[in-house]
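Participant: Take this structure, written in C-alpha cells, and hold onto it; I'll ask about it next.
The values are calculated or read from the model by the stated rules, or taken from the named source; none is laboratory data. Please read these numbers as outputs of a predicted model, since none were measured by experiment. Cβ sites come from the backbone with ideal geometry, for glycine too, and all protein chains shown count toward neighbours. All accessible areas refer to the heavy atoms of the entire protein, side chains included, with ligands and DNA or RNA removed. Shrake-Rupley method; radii C 1.70, N 1.55, O 1.52, S 1.80 Å.
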Amino acid sequence: MATTRRLATLGAYLRPHWREATLGIIALLTVNGLGVYIPLLIRSAVDKLSESFTYGEILRSVVLSVSLTSAMWLIRMASRIWIFGVGRQVEFELKQKIFEHLLKLEPAYFATNPVGDLISRATSDVDKIRSLLGFAVLNLVNAVFAYTLTLPVMLYLSVDLTLASLAIYPLMFLLVYIFSDRLRNEQSQVQESIADISQFIQEDVSGISLIKIYAQEENERRAFAEKNQNLLWAKLKQAQSRNTLFPLIAGLANISSLIIIWLGATRILAGSLAVGDFVALLIYVERLVFPTALLGFTITAYQRGEVSIDRVESILNSQPKIKNSDQSLALPSSSVKGEITAKNLCYTYPGSLSPALDNISFTIHPGELVAIVGAIGAGKSTLANSLPRLLDVQPGQLFLDGVDITQTPLLDLRGAITYVPQDSFLFSTTIKNNIRYGDPTEKQDAIERIAQRSQIHSEII
Ligand SMILES: Nc1ncnc2c1ncn2[C@@H]1O[C@H](COP(=O)(O)OP(=O)(O)O)[C@@H](O)[C@H]1O
Ligand SMILES: [Mg+2]
C-alpha cells in the first residue's frame with residue numbers, strides 16, 4: 001500500500017517530464033538493440049574468415065561495426081542526458097515547492113520542526129529522490145532491456161554455454177547488493193563525522209574569547225583531534241569497502257569469460273560450435289556485467305529514495321493553519337480606521353496545558369495610544385502576535401474595525417499593522433535593504449530619514 005502510494009508520488013514527479021523520459025527510454029532501447037546487433041555482425045565476419053572471404057567484405061563489416069559502436073556510444077550519452085536531466089529538473093522543482101510551502105506555514109510549525117531537519121529534507125532528501133529518478137530509473141530500464149534483448153540471442157547461440165557463464169551473475173548481483181548497503185552506512189558515517197567537525201569548528205570560532213580566557217586551547221585541540229581522527233577512520237573504512245568490491249566484481253566477470261572460453265574451446269575443437277558464435281557469446285557475457293552490478297546499487301538507491309519521498313512529502317502535506325478564509329473581504333489599508341476589539345480572547349499554545357490568554361476583552365479606539373504592561377510571561381507578546389495572526393486565533397474573538405480578523409485577507413490585515421519585534425533581526429543584505437524590507441520601492445531620502453531617526457545614520461559608511 002505504502003509502496004503504491006510512493007510509486008504514485010514518483011509518477012506525479014515524473015509526469016511533467018514524460019517527453020524527456022520517453023526519449024531517454026527509447027534511446028536505451030536503441031542502445032541495447034545495437035548492443036545485440038553488433039556482436040552478430042562480428043559473428044558473421046568471423047564465420048566468413050574460415051570460409052572464403054574477400055578483404056573488402058571484412059573491411060565493410062569492420063567499418064560498419066565501428067560506426068555502429070560509435071552511434072551506440074552517442075545514443076547512450078543522449079539517454080543519460082535525458083534521464084539524468086529529468087532527475088535534475090525534478091530536484092529543482094521539489095526544492096522550489098518545499099521552499100514555497102515553508103513560506104505558507106505558520107511560525108508554530110517551525111517551533112516543532114527543527115530548522116536543521118527541514119534543511120536536510122530540502123537538500124539531502126531531495127538529492128536522494130533525484131538519484132532515484134535519474135540513476136535508479138536509468139539502470140533499471142537499462143538492465144531490463146539488456147537482459148530481455150541479449151538473453152534470447154545468447155540462448156539461441158548456445159543454451160548450455162549461456163547458462164554456465166551466467167550462473168555466476170546472481171552471485172555478482174548479491175555481492176553488490178550487500179556491499180551497497182554497507183557503503184551506504186559508511187557514507188552516512190562520513191557525513192555525520194563531517195557535520196560533527198563543522199559544528200565543533202563553528203562553536204570554537206564563535207567562543208574563541210571564552211577558550212582563551214579559560215586557557216582551554218589544549219583541551220579544544222585534543223577534542224578536535226579526536227573528531228578529526230573519527231573522520232579519517234570513517235573515510236578509510238569506506239575506501240576499504242570500495243577497494244574490496246570493485247576488484248571482486250571484475251574477478252567474477254573474468255570467471256564468466258573463463259567459463260565461456262573453456263567450454264567454448266572444447267566445443268570448437270569437437271566441431272560442435274562455430275567460432276563466430278563463440279566470439280559473439282564472449283561479447284554478450286561482458287555486456288551484461290555492468291547492468292547486473294549496477295542493479296544491486298539501484299535497489300539500494302530505490303530504498304533510500306523511498307524514505308526520502310516520505311520525508312519530503314510530510315512537509316508538502318502539512319496544511320497551513322493560518323490562511324485566508326473562503327469568505328474573506330478585502331480591507332484596503334487606506335480605509336482602515338484602527339479600532340481593535342477583543343471579545344473573550346483565549347489562546348493556548350499547542351502542547352501547553354494552561355492558556356496564555358484567558359478571556360481577554362477590550363476595545364482600543366482609533367488614535368488611542370495604549371501600552372500593555374505586565375509581568376514576564378503575562379501574555380503581552382502572545383497578545384501582540386495574535387493581532388497580525390502570527391498565532392492561530394479562533395474566529396469571533398479579535399476584530400479590526402468591527403471585522404473579524406480571521407475574515408480579513410492576511411496580506412491586507414498585516415499591511416495595516418506596523419510591527420516592531422522584540423528581537424531584532426537583520427537579513428544578510430545591505431542596511432538599506434533591511435530598512436526598506438517591508439517596501440522595497442521606498443525612496444532613498446525616506447530611508448535616510450528613517451536611519452537618522454533610529455540613530456544609526458552616522459554609523460553607516
Ligand atoms: N511558543 C510557546 N510555546 C508554548 N508556550 C509559550 C510559547 N510562547 C510563550 N508561551 C507561554 O505563554 C505565556 C505567555 O507568554 P508571553 O506572551 O511570551 O509573555 P510576555 O510577553 O508577557 O512575557 C507564558 O506562560 C509562556 O511560557
Ligand atoms: Mg514578551
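Participant: Just to check your reading of the model, which residue among Leu103, Leu138 is closer than 20 Å to Glu313 by Cα and part of a helix (DSSP H, G or I)?
Facilitator: Answer to the check: Leu103.
Participant: Further question on the same structure: Among the residues of segment 324-354, write down those that are open to solvent by 80 Å² or more (accessible area, probe 1.4 Å), on the phi < 0 side of the Ramachandran plot and within 16 Å of ligand 1 (Cβ to nearest atom).
Facilitator: Tyr349, Pro350, Leu353 - these are the residues of segment 324-354 that are open to solvent by 80 Å² or more (accessible area, probe 1.4 Å), on the phi < 0 side of the Ramachandran plot and within 16 Å of ligand 1 (Cβ to nearest atom).
Participant: Among the residues in segment 406-416, are any touching a Lys or Arg at 6+ places or on another chain (Cβ under 9 Å), more than 16 Å from ligand 2 (Cβ to nearest atom) and hydroxyl-bearing (Ser, Thr, Tyr)?
Facilitator: Yes; the residues of segment 406-416 include at least one that is touching a Lys or Arg at 6+ places or on another chain (Cβ under 9 Å), more than 16 Å from ligand 2 (Cβ to nearest atom) and hydroxyl-bearing (Ser, Thr, Tyr).
Participant: Please go through segment 404-426 and pick out each residue that is open to solvent by 50 Å² or more (accessible area, probe 1.4 Å) and either out of contact with any helix residue (DSSP H, G or I) (no Cβ under 6 Å at 6 or more places or on another chain) or part of a helix (DSSP H, G or I) (or both).
Facilitator: Hits for segment 404-426 are Gln407, Leu411, Arg414, Gly415, Thr418, Tyr419, Val420, Pro421, Gln422, Asp423, Ser424, Phe425.
Participant: When segment 335-348 is examined, which residues are found to be in a loop (DSSP other than H, G, I, E, B) and touching a residue at least 40 places away in the same chain (Cβ under 8 Å)?
Facilitator: The answer is Val336, Lys337, Gly338, Glu339.
Participant: If you check Ser52, Ser61, Ser67, which single one turns out to be part of a loop (DSSP other than H, G, I, E, B), on the phi < 0 side of the Ramachandran plot and small (Gly, Ala, Ser)?
Facilitator: Unique residue meeting the criteria: Ser52.
Results for (1) in contact with a helix residue (DSSP H, G or I) (Cβ under 7 Å, 6 or more places away or on another chain); (2) free of Cβ contacts under 8 Å to residues at least 60 places away in the same chain; (3) part of a helix (DSSP H, G or I); (4) loosely packed, with under 14 Cβ neighbours inside 10 Å, shown as yes or no for each residue.
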residue: Glu218; (1), (2), (3), (4): no, yes, yes, yes
residue: Gln229; (1), (2), (3), (4): no, yes, yes, yes
residue: Lys237; (1), (2), (3), (4): yes, yes, yes, no
residue: Gln240; (1), (2), (3), (4): no, yes, yes, yes
residue: Ala253; (1), (2), (3), (4): yes, no, yes, no
residue: Ser257; (1), (2), (3), (4): yes, no, yes, no
residue: Trp262; (1), (2), (3), (4): no, yes, yes, yes
residue: Leu269; (1), (2), (3), (4): no, yes, yes, yes
residue: Asp277; (1), (2), (3), (4): yes, no, yes, no
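Participant: Among the numbered conditions (1) part of a helix (DSSP H, G or I); (2) in contact with a helix residue (DSSP H, G or I) (Cβ under 9 Å, 6 or more places away or on another chain); (3) crowded, with 16+ Cβ neighbours inside 10 Å, tell me where Ile450 comes up short.
Facilitator: (3)
Participant: Only residues in segment 368-382 that are more than 6 Å from ligand 1 (Cβ to nearest atom) count as the first member; pair them with residues that are β-branched (Val, Ile, Thr), Cβ under 7 angstrom, at least 6 apart or cross-chain, and list the lot.
Facilitator: So the pair list comes out as Val370/Ile364.
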